[in-house]
Amino acid sequence: SAVSVRRLRESWGAVRSRRQVLVLSGDDRKSWLQGQITQDLRLLSEGQPLPYCLCTPTGQLLGFGLVFEKPDALWLTIDRPAMAHLRERVERNVVLEDVRAVVLAGPTWTLYGPDAAAEAAQESEWTLPHFDGPAGGVDAYRAVDQWGEMPCPEVIQAALIESGTTVLGQDTDANTLP
């Protein structure tokens, strides 16, 4: 049977993530990104992710996510539909800067619940804290088609509503901020 909302509150459950990860490397990655997202990257430190928004030049919301500083790269999570905008911005606006961008391929999962971080750390190749969702959660990579017993869409929807999580394109759009 499907994972229940109660199990998400008390343990963990995994769903295919609606997010992707873009890795920016190169000596100019931080200074270039500073002008592209709505976060002051001077506040960024390793191990402390910062939330950001990706907007059009006129301020309309394209997507939101987290930026993480790793020793030789910046990792950005962003909803799948907004990844195309972010990649296009890199391709269009990186001219002379030393910036390279790679989208991590393969299945990305979001694990929800109080035991999500422990499960992800034990079973995945990498993990990133997840900034929204019921009882916190983590985004993780694991080369499997299914991760444990999967919550049904109705359970995930109920848990997202309970936690007050907004979904781009469903609860918010380019003109309506969360």
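The values are calculated or read from the model by the stated rules, or taken from the named source; none is laboratory data. None of these values were measured; they are calculated from a predicted model. Here the Cβ positions follow ideal geometry from the backbone for every residue, glycine too, while neighbour counts run over all protein chains shown. What goes into the accessible areas is simple: the full protein's heavy atoms, side chains included, and nothing from ligands, DNA or RNA. Shrake-Rupley method; radii C 1.70, N 1.55, O 1.52, S 1.80 Å.
So the values come out like this:
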{"read-out": "Calculated FRET value between Asp145 and Asp28, using beta carbons and R₀ = 41 Å, to 0.05", "value": "0.60"}
{"read-out": "Viscosity 1.306 mPa s, temperature 10 °C, Stokes-Einstein D of the chain from Kirkwood C-alpha radius, µm²/s", "value": "94"}
{"read-out": "Where Ser4, Ser124 fall by accessible area, highest first, once all protein chains stay in place (1.4 Å)", "value": "Ser4, Ser124"}
{"read-out": "Cα→Cβ-extended label distance, 7 Å offset, between Arg87 and Gln60, nm", "value": "2.2"}
{"read-out": "The chain: most fluctuating residue of Leu66, Leu96, Leu104 per GNM, C-alpha cutoff 10 Å", "value": "Leu96"}
{"read-out": "Length released on extending from Arg16 to Ala118, taking residue separation times 0.36 nm less the Cα-Cα span", "value": "34.9 nm"}
{"read-out": "Value of D in µm² per second that Stokes-Einstein yields for the range 36-93, Kirkwood Rh from Cα pairs, at 10 °C (1.306 mPa s)", "value": "134"}
{"read-out": "Length released on extending from Thr176 to Ser45, taking residue separation times 0.36 nm less the Cα-Cα span", "value": "44.2 nm"}
{"read-out": "Stokes-Einstein translational diffusion, the range 1-66 - Kirkwood Rh over all Cα pairs, 1.306 mPa s, 10 °C, in µm²/s", "value": "107"}
